[in-house]
1. Add +1 for every Lys or Arg and -1 for every Asp or Glu among the other residues with Cβ under 13 Å from the Cβ of N60, and state the total.
2. For an R0 of 25 angstrom, estimate the FRET efficiency from the Cβ-Cβ distance between Q10 and T45 and round to the nearest 0.05.
3. Sorted from largest down, give the three principal axis spans of the alpha carbons of the range 1-47, whole angstrom values.
4. Please give me the summed charge of the neighbours of R23: other residues whose Cβ is under 14 Å from its Cβ, Lys and Arg +1, Asp and Glu -1.
Amino acid sequence: MARYSRLQKQVLSLYRQFLKVAREKPGFSMYVREEFKRNACIPRTDGLRIEYLLRRGQKNLKELQKPECQAFGVYTKSKQDEV
């Protein structure tokens, strides 16, 4: 059986909390999965970045849990932004 570090346990717990809250709000589940998949390639040795993303995720979770929250503002680069 795999043994997870404290940081890995925190990330997995945050992921489960996000999925639980996202079930109640349409369209959030896909965003949550994509965001966690996108950051899954971060090396385990990059602890500072992981902790930063963990704190940012916890703040986003608190915002998502508010009843008045209906959407996240997400910035995506378009081809015009790259020029």
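Every number in this text was worked out from the coordinates using simple rules, so none of it is lab data. As the structure is a computational prediction, the values presented were derived from the model and not from experiment. Note: ideal-geometry Cβ built from the backbone for every residue, glycine included; neighbour counts use all protein chains shown.
1. Numbers: positive: K25, R55, R56, K59, K62, K66; negative: E35, E63.
Counting the neighbours of N60, the net charge comes to +4.
2. Values: r = 16 Å, r/R0 = 0.66.
Working from the Cβ atoms, E equals 0.95.
3. 34, 20, 18
4. Counting the neighbours of R23, the net charge comes to +3.
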